[in-house]
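J.: The structure's right below; bear with me while I get my questions together.
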Amino acid sequence: MKKKISVLVNGTFHAIELAKYLYKKKQLGLLIICYPKYKIRENIFDKKKIKTFGIIYILQYFFSKIDPNKKNIINFLIINLFDYFASILINKNNTDVLICWASICSLTIKKCKKMGIKTILIRGSTHIDYQIGLLEKEYLKFNKFFPKHNYLLLNKEKKEYDLCDFIEVPSNFCKKTFIDNHFNKKKIYVIPRSIDTNIFQVKRTFNKKPKNIIFVGNTIFRKGLIYLINSLGNLDFDFKLTIVGSINKNILFSLCKDISKYKINFTGHLNQQDLIKEYSKADIFCLPTLEEGMSNVILQAMSCSLPVIVTNISGGEDIIENNFDGIIIKPRNSNQIANSINSLYFDDNLRAKISTNSRKKIIKFFQRNFIYNRAVNLYSNL
């Protein structure tokens, strides 16, 4: 008999697509999501299987305007309210295995343990202590105030690490940060991110020199954007850099004094269709991130046949064979960034090889159904 697998998430992430796949396999228990129905109207595949909490979403949105960093106790109480409601919905009749996202489910996990329901906690990045420690040092390095985490939510998440049966992470680097924090490696398993290669695809020609570099990310420090900007002075050709994402330009300009002399286009946040248009105009993708689980934008760029330059702690190191279907660099290394971009400009064969092989790699190993099938087989055999 197939196991019933329920999904609990505060947001969307890849939860809706995972739930759709489970539903198609006749294994979905419930999708419990902190989102109003109108926000996911196009994704509602069975009203009986989807439980939404729009009021929780509205409360979170309202208080985020008062406290953008979500540090107040009210935010913690709102998330605990969602967790409590979710715990009421989960039972042995609808759930054999619960998949839940970190920091929202300690109460639900406790109830599941009492009922004998297996629990899998999804942590999309490194261990929270590792992540905070790294970012705190980076902010200090550039003399910027580091916004502290909500200690109540921080404790909630770390409690979930201990309570759950298994922790799912998207890369081997993430797994290592948990093992380094004294977790049994048998409790941590890796399921990489996936992508719809039919949506993210771009036809390319290799008969022109690259001019357009693209960076996609919403933060300056974590994504290593400063190191990319600092590499631009060492590029040996005329270029334009496109920065996609909700970047605080005031902070970036204060940190990178020479930035105004470069051709940089800030697009802000883009919807999926417009993002693909930017990928189609780009020639080189660079994400020199300092801390990551497995960045979706790496998969997107590779699926769009872009040659990518990423750090060895981005999740990209699990995807890429260096100088074959991408370029792997060390973090915080502007010289390596510049050398890699210059190599792609001057070496036409290298650029064409990486562009061609990048999409082949994604199609072969990281298509959505392939990854979800692997994940569901694992969940079903717990």
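J.: Kirkwood hydrodynamic radius of the stretch 62-179 from all distinct Cα pairs, in Å?
T.: Here the Kirkwood hydrodynamic radius works out to 15.6 Å.
J.: Still on this structure: Could you pull out every Cys in the chain that lacks a partner Cys with its beta carbon under 4.7 Å away?
T.: Cys34, Cys112, Cys164, Cys174, Cys256, Cys286, Cys304
J.: Taking only Cα atoms of the stretch 176-240, what ratio of Rg to Rh do you get with Rh as the Kirkwood inverse-distance radius?
T.: 1.14
J.: As a test of the formula, what do you get for the chain when each DSSP H run with n ≥ 4 contributes -39,500 (n - 2.57) and the sum is divided by the residue count, at 222 nm and rounded to the nearest 500 deg cm²/dmol?
T.: -13000 deg cm²/dmol
J.: Could you do me a favour and compute the accessible area per residue for the stretch 101-216, 1.4 Å probe, result in Å²?
T.: Averaged over the residues of the stretch 101-216, the accessible area is 49 Å².
J.: Within the accessible area of the chain, what % is carbon and sulfur when the probe is 1.4 Å and the other protein chains stay in place? Display every interim value, and only then the final one.
T.: Details: 9150 of 17730 Å².
Here it works out to 52 percent.
J.: How many angstrom separate the Cα center of the stretch 278-323 from the Cα center of the stretch 85-115?
T.: Comparing the Cα centres of the stretch 278-323 and the stretch 85-115, I get a distance of 35 Å.
J.: Still on this structure: Which sequence of Met302, Met115 reflects their accessible areas, 1.4 Å probe, from the largest down?
T.: My answer, sorted largest first, is Met115, Met302.
J.: Report Rg/Rh for the stretch 173-303, rounded to two decimals, where Rg is the Cα radius of gyration and Rh the Kirkwood radius. Mind showing how you got there, number by number?
T.: Values: Rg = 16.9 Å, Rh = 16.6 Å.
The Rg/Rh ratio comes out at 1.02.
J.: Taking the square root of 5 times each eigenvalue of the Cα gyration tensor, what semi-axes in Å does the equivalent ellipsoid of the chain have, largest first?
T.: Semi-axis lengths for the chain are 37, 24, 19 Å.
J.: Further question on the same structure: How much accessible surface area, in Å² rounded to 10, belongs to the heavy atoms of Arg374 with a 1.4 Å probe?
T.: 110
J.: Assign unit charges at the C-beta atoms only (+1 for Lys and Arg, -1 for Asp and Glu), then state the dipole size of the chain relative to its Cα centre in Debye, rounded to the nearest 20.
T.: That gives a dipole near 1160 debye.
J.: Rank these by accessible area, largest first, 1.4 Å probe: His149, His269.
T.: Largest to smallest exposure gives the sequence His269, His149.
J.: Can you give the accessible area of Lys111, probe radius 1.4 Å, in Å² rounded to 10?
T.: Counting only protein heavy atoms, Lys111 exposes about 60 Å² to solvent.
J.: Sort Glu136, Glu291, Glu42, Glu278 by accessible area with a 1.4 Å probe, largest first.
T.: Descending accessible area places them as Glu42, Glu136, Glu278, Glu291.
J.: Now, a different point. Evaluate Rg over Rh across the stretch 244-382, taking Cα atoms for both radii and Kirkwood's formula for Rh.
T.: Taking Rh as the inverse mean 1/r over Cα pairs, Rg/Rh reads 1.00.
The values are calculated or read from the model by the stated rules, or taken from the named source; none is laboratory data. Everything numeric in this text was worked out from a predicted model, so none of it was measured. When we count neighbours, we look across all protein chains shown, and the Cβ atoms used for this are built from the backbone with ideal geometry, even at glycine. SASA here: full protein model, heavy atoms, side chains in, ligands and nucleic acids out. Shrake-Rupley method; radii C 1.70, N 1.55, O 1.52, S 1.80 Å.
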